[in-house]
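The values are calculated or read from the model by the stated rules, or taken from the named source; none is laboratory data. All figures in this text were calculated on a predicted structure; none of them were measured in a lab. Note that each Cβ is placed from the backbone with ideal geometry, even for glycine, and that neighbours are counted across all protein chains shown. Quick note on the areas: whole protein, heavy atoms, side chains included, nothing else; ligands and nucleic acids left out. Shrake-Rupley method; radii C 1.70, N 1.55, O 1.52, S 1.80 Å.
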Amino acid sequence: MFSLAAQNSAGSWIVLIAVYALIFGGFWFIFIRPQKKEQKRIQSMIAEMEVGDTVLTTSGFYGVIIDISDEDVIVEFGSNRNCRIPMQKSAIAQVEKASAE
């Protein structure tokens, strides 16, 4: 009788570990994997920016990239040539290539 209880206990541990692995795998495919994919897309978008590209900032302003440095970009907004604002690359939400026009 004692050995039967020990075998039942070992089997329940295996099932418990399998259930936790299944839950972790589900969370990985639902939450973590899409987030990593989006981060990779944003990093490649920022790396491919060039002078002359039209950008949309996270605050909702459209502008044209005038200059690019390691961590910052200078963006010109509107038709006023004096409205040039330096901002971090992370403030860029969307890039439209100049060659697409």
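Numbers at a glance
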| item | result |
| --- | --- |
| 0 to 90° range, to nearest 10: angle between helix 2-27 axis and the chain longest Cα axis | 10 |
| Listed residues Gly26, Gly60, Gly11, most fluctuating in the chain (Gaussian network, C-alpha, under 10 Å) | Gly11 |
| Simple label model, 7 Å out from Cα along Cβ direction - Met45 to Phe77, nm | 1.9 |
| Selected from Ser69, Ser12, Ser79 as most flexible by GNM, with the chain as the system and alpha-carbon contacts under 10 Å | Ser12 |
| Inter-label distance for Ala98 and Arg84, nm, one decimal - labels placed 7 Å from Cα along Cα-to-Cβ | 1.3 |
| Exposure of Phe31 as accessible area (Å², to 10), given a probe of 1.4 Å and all protein chains | 120 |
| Estimated [θ] at 222 nm from DSSP helical runs (n ≥ 4, -39500 (n - 2.57)) normalised by residues in the chain, nearest 500 | -14000 deg cm²/dmol |
| Rounded to 10°, Cα long-axis angle of helix 33-47 versus longest principal axis of the chain | 20 |
| Gain upon complete extension [Val15, Trp28; 0.36 nm per residue less C-alpha separation] | 2.7 nm |
| Order of exposure, largest accessible area first, which applies to Glu76, Glu48 with probe 1.4 Å | Glu48, Glu76 |
